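Q: Before I ask anything, let me first share the structure, which is written out below as structure tokens.
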Amino acid sequence: MRIAAGAPTGIGVHATSGARAKRGRCVAGTSAGEASEILEESGVRQGARAACDRVSARRPRRPARFAAKFLLPGCAAVLALTLLLMPPPGGAEIYRYRDENGTWVFSDRPPPGTLGDRSGSAMSDARVRVQPLPEAVQPTAPTTGPDSRSPQSPPAVQALPGGRVAAPAQPRTPAAEVVPAVPPAASRATVPAPQPEAAPPPDLSRHIAARLQQQFEPVTPVEASSLAVVTVHSALGTGSGFFVSDDGLLLTNRHVVRPPPDWAAEERAALAALKAKLDALEQRLSLPRDRFSDPNDYDRGQRIFRERSREYREAKRALDMKRNAALLQRAFEVQLKDGERVTADLLDVSPRHDLALLRVSGYTTPYLQPLLDARLRQTQPVYAIGSPLGIKDTVTAGTYTGRREDMLVTDARILPGSSGGPLVTEAGLVVGINTWKATAEPDVKARGLGVAIPIDAAFEEFPDLVAWLARDPADTATRR
């Protein structure tokens, strides 16, 4: 037998004896050479183990490392296996059935004669549905008194003959103690029934009609008509106008927004007189200075000529600019009854009548209903509404005196600024557009008769008014 180099001699002896003891049963029937090799290999192995045991004996044992390496994984495996083999909580099977005496029985055992009961034979093939016990629920409030009852378990499914399954019967509750069913937590939120949406209040900033009606609360039809009357500001000055539709169509006189042929007659006459004086002075100053008896007169004349010439040029330039601005103006400032100012755009100008049509866009406006084909009676009361002499929202009363060349004549006072305003009846219906005043004196403030254009002419002249009238003739116009 060979001994490993460097090993103590005692190892070989111990290995040999161990090999003999272990291999004694299988040496029989084995050749001598094979037996010697087996003994030699066994001796080496036993010697190596003995050496390892001696080395381990000298070193301190490490129980913590041993526990971490072997005990902890084993405990974890045992715990996992235990959890897998345990039945799930709340999974107990409860059966509900009647016994032979008709008494309801609640048990964890299936009814006799059904599947799961090995003793039965008649209904051994019947299948019974089971209902797992619900999770434990905290009671909402403790109950005391003689009538207090413990909560009942939910009923299980009842097995019937023939393999059928009956719906669970609900426990009966006395009429005096009816307990409403509690919906699941996910469905306990109260969902309000959809309510019809109420119409939003009108935007008074855009609903001019509602705002003025709420603010002034008119009583008479004439007072209500004044809600639709406005003051028109233009490059030529101020005038009046009134709405004839709820979408902002506005009627006024043409000379309120465009200069008439006789516009600024007084200013032009004054400029012409000043120009004549300047021409005469220039002719006189054309003489040499030494021809004047007093040379200071010549110097004084030159100074006056320069100053008056400058004044003339400035006045003429201002008048021309005003006229040109009036000819080119397309947007006008409109002042309502409550003082608010909005912008109105020029839509059309009549070439035959002293009429113009404007529009205030983006607003709901009050408007006057026209009295078409009006057969006014003399002495019939009429009212002129406008802004005479710059005083807005003014009403003057008069009577209808008759027609003159297809114009309505009235003794209601019409002054500068009233042009373009409505002439209305006691019912608040518009019959004409106030235009000018006939007087025996050149003074426009003198007493005279007012002249108005019939409202029919406006509705015949402007296609926009015709289209508005065609929308609902019964509502927008009244014929007499």
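Q: Sort out which residues of region 405-428 are hydroxyl-bearing (S, T, Y) and buried (at least 24 other Cβ atoms within 10 Å of the Cβ), and write them in order of number.
A: Passing the criteria: T410, S418, S419.
Q: With the requirement that a residue be of a type in the set (A, V, I, L, M, F, W, C), modelled with pLDDT of 65 or more and over 18 Å from T401 (Cβ atoms), what does region 431-480 give you?
A: Hits for region 431-480 are A457, A458, F459, F462, L465, V466, A467, W468, L469, A470.
Q: Which residue out of D279, D345 is part of a strand (DSSP E or B), open to solvent by 60 Å² or more (accessible area, probe 1.4 Å) and farther than 24 Å from W436 by Cβ?
A: Exactly one residue qualifies, and that residue is D345.
Q: Just need a number here: residues in region 366-423 that are basic (K, R) and part of a strand (DSSP E or B).
A: Selection size over region 366-423: 2.
Q: Still on this structure, please answer the following. Starting from region 315-329, take each residue that is open to solvent by 80 Å² or more (accessible area, probe 1.4 Å) and list its partners that are in a helix (DSSP H, G or I) and modelled with pLDDT of 90 or more, counting only C-beta distances under 8 angstrom and pairs at least six apart or across chains.
A: K316/L271
Q: Same structure, new question: Right, V191: part of a loop (DSSP other than H, G, I, E, B) and at pLDDT 90 or above or not?
A: So V191 fails the test.
Q: I'm trying to understand the selection: among the residues of region 407-466, which are within 19 Å of V257 (Cβ to Cβ) and of a type in the set (S, T, Y)?
A: The answer is S418, S419, T435.
The values are calculated or read from the model by the stated rules, or taken from the named source; none is laboratory data. The structure displayed is predicted, hence computed values, not measured ones. A quick note on method: Cβ atoms are made from the backbone with ideal geometry, for glycine too, and the neighbour counts reach across all protein chains shown. Ligands, DNA and RNA are excluded from the accessible area calculation, which covers all protein heavy atoms including side chains. Shrake-Rupley method; radii C 1.70, N 1.55, O 1.52, S 1.80 Å.
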